[in-house]
Amino acid sequence: MFAYRVTESAFVVALLSMLRLLPMALFGALLGAVSERFDNRQSLLVMVTTSMLTSGVLAGLASLGLLEVWHLAVGSFVNGICWAADNPVRRMMIGEAVGPERIGPALSADVGINNATRVIGPVLAGLILARFGIAGVFWLGLALHACSLWSVLRIARSALVPVLHPLSLLGPMREGFALVRQDDRLIGTLAVTVIFNVFGWPFTSMIPVLAADALHLDNQAIGLLVSCEGVGGLLGALLFASLAKPLWYGRIYVGSVLLYLVTIIGFALTRGVTMAAVLLVLNGMGAVGFSVMQATLMYLDAPVAMRARLLGVLTACIGIGPVGFLYVGVLADVFSPAVATGALALQGSVALLLTRRYWVKLLRP
């Protein structure tokens, strides 16, 4: 909301979100190959430390009254690089810890915890933003990253031996993409991932814009509304962790994306706060079903020796999302945020229908 209040441009809000995703497209596959050469614990330490320092710099600039939108852009890009390593590093560590037979429930728990923080985070951010300004938000981020760093330091070293490729990093990257082309299930998983991230996820950048313009909410109310998505995600994660069976994973994956797109259209059309909150709860359930199952399906369908690099390929496909953020930002400035949001989700539904020949194989046991 800081960027929107300063610039009054939905395009700038979408651009900041885009910059956080851009490193996934640029470096996702590369980081998947690189991660095989290093101990995952050390890689995670670097990721968390970098994010902590970024929050510290932004907090200092905000406290001195020097924070500008371009600082947020740089911070988003740097944190995006760390985020791009999440699948091949942190989620690989989860897989190592629990094994293939428990990867689905484990990732459901992981996403559930993430969504629990998303319930508290927007509400807390809205309160802090209203009381202390943007500087308070970044100081809180610094403290939370420090707690994360302490947690990572307590993790034992991985039992896996880093892989020293005889070829350059381009060799493992090419091997990962070549394997995807030979497997229709992997193609289907990645096709749905691209559709979600281009035509679905950019919706999140429009939630505060629509809440402010169409629903006429203040910062605190916007924080409460945005937290409804996290509530849905938490409920969905608990549901999937306790009830989802491996035979259902593909159906949950595709069905969750359909639910996500439909609720986006509903949110763009509604003018009632209660209905908007309900739609965001359902939207969060769709988002968590997609998030859990995309990594689970990729992890289970990939050969053991190729998991890290294929999770890197998955990250690169997620990184195509900036195209969608840029697109919805342009549409919002040309038409309106509501029209842009609804049109984006409608196009995503069409794209899902056109790629049915690939993802339909995920529906079969």
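We did not get these values from a lab; they are worked out from the coordinates using the rules stated. Being a predicted model, the structure only gives us computed values, none of them experimental. We place every Cβ from the backbone using ideal geometry, glycine too, and count neighbours over all the protein chains shown.
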Quiz item: So, in nm, how far is label LEU45 from label LEU66 when the simple model puts each one 7 Å beyond its Cα toward the Cβ?
Solution: 3.0
Exercise. Can you tell me the order of 211-221, 185-195 when each peptide is scored by its average per-residue count of other Cβ atoms within 10 angstrom, highest first?
Key: 185-195, 211-221
Quiz item: So how much slack lies between LEU354 and LEU127, counting 0.36 nm per residue of separation and subtracting their Cα-Cα distance, in nm?
Solution: 77.4 nm
Quiz prompt | Dimensionless Rg ratio for the stretch 233-365, taking C-alpha atoms and the 2.2 N^0.38 Å reference | solution = 1.15
Exercise. Based on other C-beta atoms within 10 Å, arrange LYS361, LYS245 from fewest to most.
Key: LYS245, LYS361
Practice problem: Pairs of Cα atoms under 8 Å, at least six residues apart: use those to get the relative contact order of the chain, whole percent. | Solution: 32
Quiz item: What value does the stretch 44-93 have for Rg/Rh, both radii from Cα atoms and Rh as Kirkwood defines it?
Solution: 1.08
Quiz item: Ranked from highest to lowest mean number of other Cβ atoms within 10 Å per residue, what is the order of the peptides 283-291, 348-356?
Solution: 283-291, 348-356
